[in-house]
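Below is one structure; the comments refer to it alone.
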Amino acid sequence: MLSIKEAEEILHGWPLQTKEEEIELSECSGRILSQDVASSEDMPPFDRSAMDGYAFISSDNSERFKILETLAAGVFPKMPIHPGECSRIMTGAMLPPGADRVVKREVTAEEDGFMRLTGEDHNDNIRRRGEDLCQGSVMIRKGSRIRPQEAALLASSGLKRIYVCKKSVVGILSTGSELVEPGESLRSGQIYNSNATSIAAQVQAMGAESRSFGTVPDKEEAIRSAIEGLLPACDLLILSGGVSAGDYDFVPAVLRSLGVTLHFEKVAVQPGMPTVFGTRGEKCFFGLPGNPVSTFVIFEILIKPFLFRMMGHEWAPLLIRATLEDPYRRKNAERTAFIPIIYNEGRASLLPYHGSAHLLALSRANALMQLPQGVLEISAGSSVDVRPI
């Protein structure tokens, strides 16, 4: 059984190839750049006012200044500034020739076409050409995930199309003769297939493409046939259930029979110990336990960084130190544990949690508390590591 660190090292070291495509900038949200993007021009492209006010010569000690024109954003200045002169200027407007300072409107007064200073303003209130970026300098690096702020930066450089990594296609197959799809009627002994919905939501939140392929009964040949049929349609296949050591846990044996090399089958993690990772050529496989909290946790801690790498992005979780409000104790400390908690302003609060099938607790949590191997209990007031979810 591997430690969490050993499993992470295997996944992070596995060689992956990304593919590239060109898209419209309007479709860029959440996508990952496949190339560095350089600025096509200086940003800002000209000296511009950072305030509504008056542009004049900073060394000019005139008692009043003749107002030559009004400059709004997008208006090209017609008249250069000389001593005793100024131009009324709005935020974002181009600085007129000769001016090297803007005084904010609040410390001025106008009368008969002249401006005079009525107070002090020690700032020059100018955004200089190229102070953000010079033409040709890299704006955003290859491998960056595009958020709204990056999208705005790309648009400000005039780009209409960009090159990004192709989305990985993730197939999701749930195994279990007891499973029924949501919306269908349950018979005695059956449960709804919640894992496929959970995994699909996690995949989609990352910007990858999910394809749910429903359920397959706990029959070796049925599982083999389903996997063989699905492989051409996905880059990564996630199987839920059938990975433990029971009489009906056929997934590891089926994967081997299909030529899949299994790189690990057990990880010292709670919940989610019987986790499988395998590869065949460029195809990758994860087998997850059937309990829903286990599925969610393993996706967050192992699959999420791996899937981001498949799409060209190096991702690491945000880890926060928090103060535990309640004491916590467990019976066995052989595995690293991840416990659903509520994190708020530096404090971690425990939830009523009954184990790896307790979806209600997970739905009320906004973070996972991490307990290292060997730690049986943590007292109230201790510092703990939490990761938002």
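Values as computed for the structure displayed
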{"read-out": "Contact order normalised by residue count of the chain, Cα under 8 Å, 6+ apart, percent", "value": "15 percent"}
{"read-out": "Highest-fluctuation residue, Leu179, Leu71, Leu262 considered, GNM on the chain with Cα pairs under 10 Å", "value": "Leu71"}
{"read-out": "Full-stretch length increase - Lys104, Glu20 - with 0.36 nm per residue and alpha-carbon distance subtracted", "value": "25.4 nm"}
{"read-out": "Hull shadow area, averaged, the chain [alpha-carbon convex hull, nm²]", "value": "26.7 nm²"}
{"read-out": "FRET E, pair Leu360, Arg280, Förster distance 25 Å, beta-carbon r, rounded to 0.05", "value": "0.10"}
{"read-out": "Cα-only Debye scattering, the range 48-127: base-10 log of I(q)/I(0) at q = 0.25 Å⁻¹", "value": "-1.23"}
{"read-out": "Largest-first principal axis extents, alpha carbons of the range 234-349, Å", "value": "49, 38, 20"}
{"read-out": "The range 103-143 residues near the modelled Ser58 label - backbone nitrogen below 14 Å, point 7 Å along Cα→Cβ", "value": "103-104, 121-129"}
{"read-out": "Sites Ser185 and Ala245 - FRET efficiency at Förster radius 30 Å, r taken between beta-carbons, to 0.05", "value": "0.40"}
{"read-out": "Hull volume in cubic angstrom per residue (convex hull over the Cα atoms of the range 235-274)", "value": "86 Å³"}
{"read-out": "Most to least packed among 29-37, 115-123, 5-13, 253-261 [average Cβ atoms within 10 Å]", "value": "29-37, 253-261, 5-13, 115-123"}
{"read-out": "Viscosity 1.567 mPa s, temperature 4 °C, Stokes-Einstein D of the range 51-210 from Kirkwood C-alpha radius, µm²/s", "value": "61 µm²/s"}
{"read-out": "Helix 4-13 axis, angle to the chain major axis (alpha carbon atoms, nearest 10°)", "value": "70 degrees"}
{"read-out": "Taking the range 88-158 and dividing mean pair separation by its residue count, relative contact order in percent (alpha carbons under 8 Å, at least six apart)", "value": "21 percent"}
{"read-out": "Dipole magnitude of the range 155-205, debye to nearest 20 (Cβ charges: Lys/Arg +1, Asp/Glu -1, about Cα centre)", "value": "520 debye"}
{"read-out": "Taking the convex hull of Cα positions in the range 177-246, its mean projected area over all directions (nm²)", "value": "5.6 nm²"}
{"read-out": "Pairwise Cα inverse-distance average, inverted: Kirkwood Rh of the range 116-200 (Å)", "value": "19.4 Å"}
{"read-out": "Rotationally averaged projected area of the range 320-388 (alpha carbon convex hull; nm²)", "value": "4.1 nm²"}
{"read-out": "Sites Glu111 and Trp315 - FRET efficiency at Förster radius 45 Å, r taken between beta-carbons, to 0.05", "value": "0.15"}
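Each reported figure results from applying straightforward, stated rules to the coordinates on display, with no laboratory input. Predicted model only: the values in this text are computed from it and were never measured. Cβ: placed from backbone, ideal geometry, glycine included. Neighbour counts: every protein chain shown.
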